[in-house]
1. How big is the accessible area of A:T414 in square angstrom, nearest 10, if you roll a 1.4 angstrom probe over the protein chains?
2. Given a 1.4 angstrom probe, I'd like the percentage of the accessible area of the stretch A:264-409 that is carbon and sulfur, rounded to a whole number.
3. Can you send over the solvent-accessible area of A:T142, 1.4 Å probe, protein chains only, in Å² to the nearest 10?
4. Tell me, what ³J(HN,Hα) does each residue in the stretch A:112-117 have, in order and in whole Hz, if you take phi through Karplus 6.51 cos²θ - 1.76 cosθ + 1.60 with θ = phi - 60° and put x for Gly and Pro?
5. Using a probe radius of 1.4 Å on heavy atoms only, what accessible surface per residue do you get for the stretch A:264-409? Whole Å² is fine.
6. Whole-Hz ³J(HN,Hα) for each residue in the stretch A:404-411, computed from phi via Karplus 6.51 cos²θ - 1.76 cosθ + 1.60 with θ = phi - 60°, x for glycine and proline: what do you get?
7. Could you list which residues have their amide H under 5 Å from that of A:I582, counting only those 5 or more apart in sequence or on another chain, with H placed in the peptide plane?
8. Once the Cα gyration tensor of the stretch A:70-146 is found, what semi-axes does its equivalent ellipsoid get, as square roots of 5 times the eigenvalues, in whole Å, sorted largest first?
Amino acid sequence: KKIKKEKHGEKRKHEVEQDVKQKKEPEDKWKWWEEKDNAKDSGVKWKFLEHKGPVFAPPYEPLPKTVQFKYDGKPMKLSLEAEEVMTFYAKMLDHEYTSKNDFNKNFFGDWRKVMTKEEKSIISDLGKCNFRDVCTYFQQKTEERKARSKAEKLEEKQKNEALVEEFGFCDWDGHREKIGNFRLEPPGLFRGRGNHPKMGKLKKRIIPEDITINCSKNSVAPKPPPGHKWKEVRHDNQVTWLVSWTENIQNQNKYIMLNPSSRVKGEKDWQKYEIARNLKTKVDRIREDYMRDLKSSEMMIRQRAVALYFIDKLALRAGNEKEDGESADTVGCCSLRCEHIKLHKQLDGKDFIVEFDFLGKDSIRYYNKVPVLKQVFKNLVLFTENKEGGDDLFDRLNTSTLNKYLNSLMEGLTAKVFRTYNASITLQNQLLELTDPDDENVSSKILSYNRANRAVAVLCNHQRAAPKNFSEQMGRMNDKVGNCGFNGIFSVDYLCLVHAILDSAEIFHYSRRHVTNGWHKKQADIRDAKQEAKSAKSDYKHNKSEGKRKLYEAKKKKIERLQEQLIKLEVQATDKAKNKEIALGTSKLNYLDPRITVAWCKKYAIPIEKCYNKTQRDKFAWAIAMVDESYVF
DNA sequence: AGGTAAACTTAGAAAACTACTT
DNA sequence: AAGTAGTTTTCTAAGTTTACCT
């Protein structure tokens, strides 16, 4: 439908409305990138900073008497604090977390800490607790909230807008800038990712006495709520945060900082891409260096060379050491252990294959079989000799020494710059390769863009949980195309391809081959159309009239049209299937130089809205304003 | 040099919202 | 009005790098 309407140059209803909204919005945003003295690099982050402080989480509302927690089958009224913590668990009752042992153990331990003596003596077994009624109560409340009248919803919306007006902005060097997270995190149960040893622990309510305020000496400092005091008010212009506190699970500092659309964030982002572009000019030399170092007589240098090879080729993260037992067991490059790789001298007819299998950031699995240089392979054999699976692969290396070395090669160079550089350069190359300048169709251009974006997401291993009901949705889509059984083909072989995918031609051929192996409704239509064309042709041969000729021409046109439609449907289905477990957003937001996208849009007259939504346009306003189609990363 | 804390970027999940159907 | 699929926004955990200390 979308394609059809675009073809006819129509705008969809919501797009028209969006345009109207945009016109209404006054264009008085500060164009900081037009100022002359951008990106100066003294440690001073601001000269003047004034804000209203954080918004505290709403206070706990006790349960109505009718809603009862039960212990051992009997209703039990709890003290206020114990009740509050109980509701945290009740709200998560249907979540997978509550089936995990660590979660339950940690929750129960922390819950008991807030119980009264009597409560503690009674409630000794989580298994005897019945949270069901409480859970149902909160579910009902959400339903009620959803079902409120329009007027009620509007009223709340306006109240919220007023709150944002007051607390959501600050004065930063005379400019009104948007704050990112001005609401403090509410109390609840800690939801660690993966196998986190602290999952289920109680995240305490933050009170003013926990809060450090940072603002100008000569500003009007935010007031603590009546009867309370801030922990501290400081005036540190070397940092960018407005509010900080220490979180009680890991004992780490958390901050309130500005929104990505702000100058301070935007400039930093811009600078990040400039450093990555600088790496582009140095990378050949750096690669030569680490190739040479693969044979170094010093073990640390050899390890560094291999690590760098991985970071560059596979876009691995640096991999800091982690204190064990404090968080999930995840690794990056420098913290890889022997058990995370398997060495195959030969595999599937290829030489020197390294099979990676480890959990990375957020416990996302990285699985990949990669052919490596012979010398890299030899080194890996050497590094793993006489070691146990649990031993460090790079025992002479850590992120600190690696980054020190990188910094000596180029100012500002650290391990993560390679991810930024490789992501951005890949997007640029892929766009060049995948965009068909002769194809006028906007939606096919967008598909090319998404495909290029996907190559990057695959490179960076940005995954997501498959959407709920994915297979049904896919099924419906396939019905339209009418093709059978291509779903399985994709998911099975897919991961094996994943990292070879930088060669996009391969993706394309791969997907086409498999899709067209199926049986299509559309294909049946085409077969019918061909039949019709054939008979029209023979009609025309028997009776060489102008009318018959035209009829025959029309039939031929119809075949072409159907074939075009078929390709579009295939491509859409392919896109959806391939996106099943790949998240495009992270790379778009954090790794891809926005100027590449902006330049590409300008070159092919694609509206920027097709690539970036409102938030993204705000974040990348600097890039949108400053670049034309000639920009090269 | 190496350990630790602070500051800041990157990350996927979940909630909220939107457009459209039923 | 309720349901649903798709998209955007929010949330906050989990990384990296820098700063600081001994």
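The values are calculated or read from the model by the stated rules, or taken from the named source; none is laboratory data. Keep in mind that what you see is a predicted model, and the values were worked out from it rather than measured. A quick note on method: Cβ atoms are made from the backbone with ideal geometry, for glycine too, and the neighbour counts reach across all protein chains shown. Please note that ligands, DNA and RNA were not included when accessible areas were found on the heavy atoms of the full protein model with its side chains. Shrake-Rupley method; radii C 1.70, N 1.55, O 1.52, S 1.80 Å.
1. 50
2. Within the stretch A:264-409, the accessible surface is 45 percent carbon and sulfur.
3. The accessible area of A:T142 comes to roughly 70 Å².
4. Couplings: 4, 5, 9, 6, 6, 3 Hz.
5. 51
6. With the stated coefficients, the stretch A:404-411 comes to 4, 4, 4, 5, 6, 7, 7, 4 Hz.
7. It is A:R464, by chain and number.
8. 21, 15, 11
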